[in-house]
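Colleague: Can you read through this structure? Questions will come right after.
The values are calculated or read from the model by the stated rules, or taken from the named source; none is laboratory data. Treat the numbers as computed from the prediction; the structure is a model and nothing was measured. As a convention, Cβ positions derive from the backbone with ideal geometry for all residues, glycine included, and neighbour counts pool all protein chains shown.
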Amino acid sequence: MNKKVLLGMPAPTPTIAPILLQAEPEPLEIDLQRTAVIVIDMQNAFVSKGGMSDLLGADIVSRQKIIEPVRRINSAARAKGRKIIYTAHRYSADLHDSGGQNSVNWYKTRALKSYREHPEWRDKLLIRGTWGADIIPELRPQKEDIIVEKTNYSAFFRTNLDIILRTYDVKYLIFLGVATNICVEASIRDACYLAYFPILISDAVANVGPPFVHEATIFNVIHSYGWATTTEVVTKALY
């Protein structure tokens, strides 16, 4: 008798009732079995003392403040068997995946500019295999987590994130990480365009620039791209 064997696919789980998540602009009914956590770019270069952002004079204190909210949400998600996906902004050592001088990326991405201007910072930037490119130790991915590498702001642009989510039949995406107004917002916009339901955790993301840009992203998400809620609300929902 022929037997069909599915390898590496998520095992069936008992059906559970949808829950009503308190959020803005209105509560959202979500299916926890189809929910994943997306942790955006919580890397040493962006968050840790001595990393690229710190060397450039950015406010890393506000970024370090979101480590605990992200950790709490990750713990709650793991307790319920929900998938956690980390993105990591990384480049090869020879920058062959940067787009080169014919791309806007070459001129506007701070890591690439720093690589050219401060070659002595190499290990503190986003070069694959260096300390700077690693996820911070406080949030080190577990063996069941997934890491998606990207070379642009959006977690979806030229990555395999979309097919990973569809493999696991995910519909609802909880967004955490940095930076609110750049990589997080870019990823949420693409998630919306791809028919996912993005949920921004407003106190588990940190911005680049003045406070109003953080508020502007929250407004954009609530108005046009998805929903926003807090760490307290989502952890209670996950547990």
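Colleague: Every residue in region 148-159 that is surrounded by 13 or more Cβ atoms within 10 Å (Cβ to Cβ) and either of a type in the set (Lys, Arg) or under 17 Å from residue 83 (Cα atoms) (or both), please.
Modeller: If the condition is that a residue be surrounded by 13 or more Cβ atoms within 10 Å (Cβ to Cβ) and either of a type in the set (Lys, Arg) or under 17 Å from residue 83 (Cα atoms) (or both), then 148, 149, 150, 155, 156 are the ones that fit.
Colleague: Within region 206-226, track down each residue that is assigned to a helix (DSSP H, G or I) and either aliphatic (A, V, I, L, M) or surrounded by 14 or more Cβ atoms within 10 Å (Cβ to Cβ) (or both).
Modeller: The answer is 213, 214, 215, 216, 217, 218, 220, 221, 222, 225.
Colleague: Six or more apart or on different chains, Cβ under 9 Å: which pairs go from a residue in region 210-223 that's within 15 Å of residue 184 (Cα to Cα) to one that's among the acidic types (Asp, Glu)? Could you list them?
Modeller: Matching pairs, first to second residue: 216/185; 217/185; 218/24; 220/185; 221/24; 221/185; 222/24.
Colleague: All but one of (1) assigned to a helix (DSSP H, G or I); (2) under 19 Å from residue 62 (Cβ atoms); (3) of a type in the set (A, V, I, L, M, F, W, C) hold for residue 233, so report the exception by its number.
Modeller: Residue 233 satisfies every listed condition except (2).
Colleague: For region 72-121: of the residues being of a type in the set (Lys, Arg) and surrounded by fewer than 21 Cβ atoms within 10 Å (Cβ to Cβ), which is nearest to residue 35 (Cα to Cα)?
Modeller: Here the answer is 83.
Colleague: Let me ask something additional. Looking at this structure, is residue 106 at pLDDT 95 or above and either touching a helix residue (DSSP H, G or I) at 6+ places or on another chain (Cβ under 7 Å) or more than 17 Å from residue 43 (Cβ to Cβ) (or both)? Before you say what the answer is, go through the steps one by one.
Modeller: Working: at pLDDT 95 or above: no; either touching a helix residue (DSSP H, G or I) at 6+ places or on another chain (Cβ under 7 Å) or more than 17 Å from residue 43 (Cβ to Cβ) (or both): yes.
The answer is no for residue 106.
Colleague: Looking only at region 135-147, count how many residues are buried (at least 19 other Cβ atoms within 10 Å of the Cβ) and under 24 Å from residue 93 (Cβ atoms).
Modeller: The number of residues fulfilling the criteria is 1.
Colleague: Can you work out which of the residues in region 183-205 that are aliphatic (A, V, I, L, M) and closer than 20 Å to residue 61 by Cβ is surrounded by the fewest Cβ atoms within 10 Å (Cβ to Cβ)?
Modeller: Quick first cut of region 183-205, residues aliphatic (A, V, I, L, M) only: 184, 186, 188, 191, 194-195, 199-201, 204-205.
Subset that is closer than 20 Å to residue 61 by Cβ: 184, 201, 204-205.
Values: 184: 31, 201: 25, 204: 29, 205: 27.
Once the filter is applied, the top-ranked residue is 201.
Colleague: Among 186, 191, which is the only one that is under 13 Å from the mean Cα position of the chain (by Cα), over 22 Å from residue 52 (Cβ atoms) and at pLDDT 95 or above?
Modeller: 191
Colleague: Continuing with the same structure: Please pick out the residue among 49, 124 that is more than 13 Å from the chain's Cα centre (by Cα) and surrounded by fewer than 17 Cβ atoms within 10 Å (Cβ to Cβ). Reasoning before the result, please.
Modeller: Working: 124 fails: surrounded by fewer than 17 Cβ atoms within 10 Å (Cβ to Cβ).
Every option except 49 fails the conditions.
Colleague: I need a count of the residues in region 152-179 that are within 25 Å of residue 62 (Cβ to Cβ) and either acidic (Asp, Glu) or out of contact with any Leu (no Cβ under 8 Å at 6 or more places or on another chain) (or both).
Modeller: So the count comes out to 8.
Colleague: Go through (1) farther than 30 Å from residue 171 by Cα; (2) touching a strand residue (DSSP E or B) at 6+ places or on another chain (Cβ under 7 Å) one by one and return the number of the condition residue 99 breaks.
Modeller: Among (1) farther than 30 Å from residue 171 by Cα; (2) touching a strand residue (DSSP E or B) at 6+ places or on another chain (Cβ under 7 Å), the lone unmet condition for residue 99 is (2).
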